[in-house]
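*Asks:* Got a structure here, written out as structure tokens. Questions coming.
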Amino acid sequence: MNRSRSLVTAVDVSMTVNIIASPGAMSTLQAPSPGRPEVPGSVYSSRNPSPSHGNFHSHFRTITDDQLHALKGFDTQFLIDDSGSMKLQSSTAVAKGRTHWEEVKLVLLDIVKVCAEFDENGVDVFFFNSSLVGQFNRTNIKEPKEVMELFEARSQAGIRGSTPTAEALDLIISPYLQECERSRVENRGFPKPKNVIILTDGAANNNKLLKQNLISYARRLDTIDAPPDQIGVQFFQVGNVEGVDDFLTHLDNALSEENECRDFIDTRSSEEMGPEGLTAKGVLTTVLGGVIRRLDNATI
């Protein structure tokens, strides 16, 4: 896929991803391939606010309508930790007094409000433990009340269990990769790109398996020469369990270099997110920023 190298000229990764377009960058963009999103250059910039959309909360006004329209080009899926530790109290300034579970629910409520404005397909939600037995999976969520009902139903069933991150993610990625591989063999277009957003407060049951799976996914995508934005996986840490941030940093910064494969992973630890902790704006800017970074790096 051809995208201008001038698409991104500065990346600031502090509390969120801030990407500023160079002058004239939009004029150099080529038309997107069929089924691919036209992703504008400036994902998050205080110099490019868009407060005109009436349904936005004030904390979304720094993300423009044009950038959020890019959501139409992707299937957005959330994979949420429903292990017992999610009942622990949050320590962030914004979510203090709430559990990790409640913190995630509130963030997802805000994200659904935004996605409903820009993507008629809504978002999909899966949970770590219940996904393994096929319960509580919901697709095409478009209304905040659907999020409330889903979390209430999951809560009533009991928030418990461990953290099978690798196994739950594989239920989402493996069938999709098989579809991508069939598309290549049959010489037809790849399916709609996918972003999987993982919200978790703890280390995976099997970090080794998770790393092996992620490397395998990357190599399979490379083998079929899939576009750089075909799959994106984003990990967000809820809370501040010791050791989780180090593992996430390794996934983000070292996994692709050590194994000579594509980088389709973005992570945000609690330390990187700062005192605000997990926010809807932070999630959306990281997801959109990761898309642009992958497209831009592919032209180097």
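*Asks:* Being part of a helix (DSSP H, G or I) and within 19 Å of Met86 (Cβ to Cβ): is that true of Asp245 here?
*Replies:* The answer is yes for Asp245.
*Asks:* If you don't mind, there's one more thing I want to ask. If you check Arg294 against the conditions, is it basic (Lys, Arg) and either more than 27 Å from Asn129 (Cα to Cα) or at pLDDT below 90 (or both)?
*Replies:* yes
*Asks:* Would it be correct to say that Glu102 is in a loop (DSSP other than H, G, I, E, B), at pLDDT 80 or above and among the acidic types (Asp, Glu)?
*Replies:* Judged against the criteria, Glu102 is not a match.
*Asks:* Please report, ordered by residue number, the helices (runs of 4 or more DSSP H) entirely within region 108-211 with at least 1 residues that are exposed (fewer than 15 other Cβ atoms within 10 Å of the Cβ) and not β-branched (Val, Ile, Thr).
*Replies:* 144-157, 165-185
*Asks:* Restricting to region 240-276, and then to whatever is at pLDDT below 85 and on the phi > 0 side of the Ramachandran plot, can you tell me which residue is surrounded by the most Cβ atoms within 10 Å (Cβ to Cβ)?
*Replies:* The extreme case among them is Gly274.
*Asks:* Oh, and also: Any residue in region 235-257 that's of a type in the set (Ser, Thr, Tyr): show its pairings with residues that are assigned to a loop (DSSP other than H, G, I, E, B) at Cβ separation under 6 Å, as long as the two are six or more apart or on different chains.
*Replies:* Ser256/Asp263
*Asks:* Any idea which residue in region 95-105 is nearest to the chain's Cα centre (by Cα), counting only those that are crowded, with 17+ Cβ neighbours inside 10 Å and not hydroxyl-bearing (Ser, Thr, Tyr)?
*Replies:* Among them, the one singled out is Val104.
The values are calculated or read from the model by the stated rules, or taken from the named source; none is laboratory data. Please read these numbers as outputs of a predicted model, since none were measured by experiment. With ideal geometry, Cβ positions are generated from the backbone for all residues, glycine too; neighbour counts draw on all protein chains shown.
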